[in-house]
Number of protein chains: 2
Amino acid sequence: MDILNKQVLLASWARGLPQASDFRFAEQVLSPCKQGHVIIKNHYLSVDPAQKGWMSKAQNYSNAALGEPMKALAVGEVIESSLPEYKAGDFVSGWFGWQQYAHVDADAIDRKINPATGPIQNAIGLLGIVGLTAYIALKDVINPRPGQTILVSTAAGGVGSIVGQLAKRWGCRVIGITGSDEKLGRCLNEFGYNAAFNYKKEGWQEALKAACPEGIDGYFDMAGGWISDGVVELLNARSVHVQVGTAAVASWDPTPQAPRRERLLLVKEITHQGFVIFNHASRFDEASRYLAQCLANKELVFREQVLDGLESAPQALESLYQGKNNGKILIRLT
Amino acid sequence: MDILNKQVLLASWARGLPQASDFRFAEQVLSPCKQGHVIIKNHYLSVDPAQKGWMSKAQNYSNAALGEPMKALAVGEVIESSLPEYKAGDFVSGWFGWQQYAHVDADAIDRKINPATGPIQNAIGLLGIVGLTAYIALKDVINPRPGQTILVSTAAGGVGSIVGQLAKRWGCRVIGITGSDEKLGRCLNEFGYNAAFNYKKEGWQEALKAACPEGIDGYFDMAGGWISDGVVELLNARSVHVQVGTAAVASWDPTPQAPRRERLLLVKEITHQGFVIFNHASRFDEASRYLAQCLANKELVFREQVLDGLESAPQALESLYQGKNNGKILIRLT
């Protein structure tokens with residue numbers, strides 16, 4: 001019997017923020033498993049801020065393709081395999097795209113998952129790029145020391161909420177920037193931030209400044225844009241600003257203007273560094289072990305927002321960029 | 001007999017580029033040597049691009065003071081000392097200012113100089129902050145590897161000419177940006193650049209791009225501003241942009257606008273880092289030894305432009321910012 005594979009295709013490159021209308025739905029008969037391939041039935045699809053970049057025509061570290069299922073991480077079950085290392089019934093995570101079934105080669109698979117150790121969706125959540133990004137960019141790039149002040153933008157999001165908790169565990173004073181009073185409450189009450197500020201409230205920059213009398217030693221920045229322009233002057237001499245996302249900038253075409261920063265970098269010897277998790281595979285083991293341990297000990301709060309059905313994916317990405325999400329967004333298919 | 005000390009005082013904070021009119025001349029009777037002090041007769045005064053920052057009212061890493069002799073490095077001879085470690089006849093370099101005589105405590109003295117090992121002015125030239133900056137920012141921040149392409153702005157200047165030669169010695173392909181055809185010729189013929197471009201010539205950016213088919217791995221940048229805006233897109237993934245100066249930006253008040261850069265930094269994991277030589281004192285020994293060895297072996301070309309008389313200092317600084325200098329500028333007083 002033919003299996004119909006429902007897919008969410010990228011219909012047009014993103015112009016500015018992702019829109020649900022940038023995608024279209026399709027159905028395709030699943031082709032038989034080719035040599036060197038496996039067929040995976042997706043259980044959970046990931047919705048990530050990084051997808052905006054992947055669906056942009058501009059130069060990027062990783063691009064989706066027009067007319068193909070939207071590039072996405074997912075977790076699922078192998079239903080057919082021509083590879084000796086995978087067999088039907090194995091759970092795996094990897095680049096399986098926004099679709100019900102993925103017909104992929106070994107390169108698309110990140111790793112096998114043992115469902116006995118916890119919910120399989122952790123593999124694309126806390127134990128996936130969300131947690132890995134938080135741990136590695138914070139530890140390796142900022143390298144926070146006890147007593148330092150760490151600032152986090154998009155502080156209540158999937159990555160931000162973990163960064164805040166890790167920095168706190170490692171002895172830092174942690175300040176968050178977020179986009180609603182509800183998220184601000186979660187920063188303070190769930191994620192342990194010492195202080196947090198809603199950038200939609202007038203006077204937030206002055207309030208943030210007052211909360212950082214000794215300046216900022218590390219800035220974990222997923223916002224960029226005008227939100228960061230307002231706080232970079234608080235960065236201390238020899239501080240580190242790691243750029244993990246640019247959610248506050250709607251469009252890069254044409255390149256927007258910004259206050260010129262090189263003098264501030266120079267006189268304070270600030271390091272401003274980009275971060276792309278996929279360049280740091282050699283650090284995944286340490287990070288995964290640490291995060292899994294925290295998870296097992298219930299030492300980290302991780303919010304997931306689970307939406308049902310493939311059909312909800314495009315709108316979920318659109319609303320992520322409107323700041324409407326409540327933690328890490330997952331699409332449940334089964 | 002009273003000694004008259006001629007001085008160049010900072011008369012007004014710099015607005016934009018330094019002007020000779022920002023200074024005024026004064027004469028003062030030299031006071032007797034105080035306890036804990038020495039009196040130094042300056043032989044050579046330094047004129048440095050960094051002085052623009054020091055004479056700016058804005059936040060900086062180091063400021064001059066209004067109505068005081070302009071902050072400057074110098075080399076001179078101790079003529080009177082109340083400190084056991086210095087005696088009359090010793091040559092020393094340090095923060096002696098634009099004046100004939102300096103009455104300073106031990107903190108102002110950087111080091112003693114042995115005139116038998118070479119011209120004393122080397123202490124504020126190749127073996128001073130010029131050479132130290134070139135060596136340490138290139139080696140420690142960019143860390144160039146053989147076969148890489150290194151770009152240098154203000155390529156024919158005191159620091160730039162040394163960076164170019166060091167990068168070449170260390171196996172790199174070296175590209176320079178400079179401001180006249182005469183300097184461009186020196187880049188190619190004296191300093192060993194593989195290619196160089198005059199930013200005053202139309203089409204220089206396209207020509208530079210064509211000369212870097214494999215992109216740029218390290219950018220030693222003393223220009224910043226529009227000159228750098230035009231080349232940062234050539235930076236390779238995981239490259240390093242070290243900001244050592246911002247000569248191409250006339251004024252930082254108000255903060256000028258620039259193309260927003262954080263997306264480029266992010267997707268390519270570029271590191272953009274400021275550099276202030278005075279934070280790297282622990283590295284001076286290694287750098288000095290290396291440079292002194294090169295100097296002894298005549299392996300580095302170092303251009304000095306020596307101007308006579310204290311009166312020439314203000315105009316020399318003004319013309320430095322007009323790109324009219326011919327290597328490192330020194331003022332000879334004796």
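Here's the picture: charge each Lys and Arg Cβ at +1 and each Asp and Glu Cβ at -1 in segment A:129-278, and of A:224, A:234, A:249 the one pushed furthest to the positive end of that dipole is A:234.
Computed across chain A, the Kirkwood hydrodynamic radius from all distinct Cα-Cα pairs reaches 20.6 Å. Of the GluC sites (Glu not before Pro) found in segment A:203-303, the ones in coil according to DSSP and having at most 13 other Cβ atoms within 10 Å of their Cβ are A:214, A:299. From helices alone, the protein assembly as shown scores -6000 deg cm²/dmol at 222 nm; the rule is -39500 (n - 2.57) for each run of n ≥ 4 DSSP H residues, then divide by the residue total.
Take residue B:27, push a point 7 Å out from Cα through the beta-carbon direction, and compare it with the same point in every other copy: 10.1 nm, smallest first. Distant-in-sequence amide contacts of residue A:176, defined by a placed amide H-H separation under 5 Å and a gap of 5 or more residues or a different chain, comprise A:152, A:195, A:196, A:197. Our coupling estimate for segment B:87-104, obtained by passing each phi through the Karplus curve with A = 6.51, B = -1.76, C = 1.60 and θ = phi - 60°, is 9, 3, x, 5, 9, 9, 10, x, 8, 9, x, 7, 7, 6, 10, 10, 10, 10 Hz, Gly and Pro reported as x. Rg/Rh for segment A:50-151 (Cα atoms only, Rh after Kirkwood) is 1.06. Computed from point charges on the beta carbon alone (+1 for Lys and Arg, -1 for Asp and Glu), the dipole magnitude for segment A:143-290 about its Cα centre is near 280 Debye.
Given Cβ point charges of +1 (Lys, Arg) and -1 (Asp, Glu) and nothing else, what value in debye, to the nearest 20, does the dipole of the protein assembly as shown about its Cα centre take?
On the way: 66 positive and 66 negative charges, 28 e Å.
Using only the charged Cβ atoms, the result is roughly 140 debye.
Other residues lying with their Cβ under 14 Å from the Cβ of residue B:82 contribute a combined charge of -2, Lys and Arg counting +1, Asp and Glu -1.
Around the amide H of residue B:72, modelled in the peptide plane, lie the amide H atoms of B:96, B:97, B:98, all under 5 Å away and 5 or more residues distant in sequence or on another chain. By the rule of a C-alpha distance below 12 Å, with chain neighbours fewer than 8 residues away ignored, the aspartates and glutamates paired with residue B:57 are B:253. Placing unit charges on each Cβ (+1 for Lys and Arg, -1 for Asp and Glu) gives chain A a dipole about its Cα centre, and among A:333, A:175, A:124 the Cα reaching farthest toward its positive end belongs to A:175. For segment A:261-302, the residues whose amide N sits under 19 Å from a probe point set 7 Å from the Cα of residue B:250 along the beta carbon direction are A:261-263.
Sorted shortest first, the distances from the residue B:256 label point to those of the same residue in the other copies are 2.2 nm; each point sits 7 Å from Cα along Cα-to-Cβ. When the C-alpha to C-alpha distance is required to be over 22 Å, the pairs from B:168/B:298; A:268/B:168; B:34/B:112; A:268/B:71; B:139/B:200 that qualify are A:268/B:168; B:139/B:200. Within 10 Å of the Cβ of each residue in A:238-249, the mean number of Cβ atoms contributed by other protein chains is 3.
For residue B:68, the point set 7 Å out from Cα toward Cβ sits 6.3 nm from its twins in the other copies, listed from shortest up. Can you tell me the FRET efficiency between residue A:303 and residue A:279 if r is taken as the Cβ-Cβ distance and R0 is 30 Å, rounded to the nearest 0.05? With a Förster radius of 30 Å, E is 0.65.
Using C-alpha pairs below 8 Å separated by at least 6 residues, the relative contact order for chain B is 18 percent.
Taken one residue at a time, the phi angles of segment A:192-204 give Karplus couplings (6.51, -1.76, 1.60, θ = phi - 60°) of x, 4, 6, 7, 8, 9, 8, 5, 8, 9, 4, x, 5 Hz. Gly and Pro are set to x. Look at the stretch A:219-229: the mean tally of other chain Cβ atoms within 10 Å of its residues' Cβ atoms is 2.
Distance distribution note for the protein assembly as shown: the fraction of Cα pairs above 47 angstrom is 29%. With θ taken as phi - 60° and the Karplus curve 6.51 cos²θ - 1.76 cosθ + 1.60 applied, the whole-hertz 3J(HN,Hα) list for segment B:30-44 is 5, 7, x, 5, 7, 4, x, 10, 10, 10, 10, 8, 5, 9, 9 Hz, x standing for glycine and proline. For residue B:238, the residues whose modelled amide H falls within less than 5 Å of its own, excluding neighbours fewer than 5 places apart on the same chain, are B:269, B:270.
Where a number appears in this text, it was derived from the coordinates with a stated rule and is not lab data. Bear in mind the structure is a predicted one, so any value in this text is a computation, not a measurement. In this analysis, Cβ positions are derived from the backbone assuming ideal geometry, glycine residues included, and neighbour counts consider all displayed protein chains.
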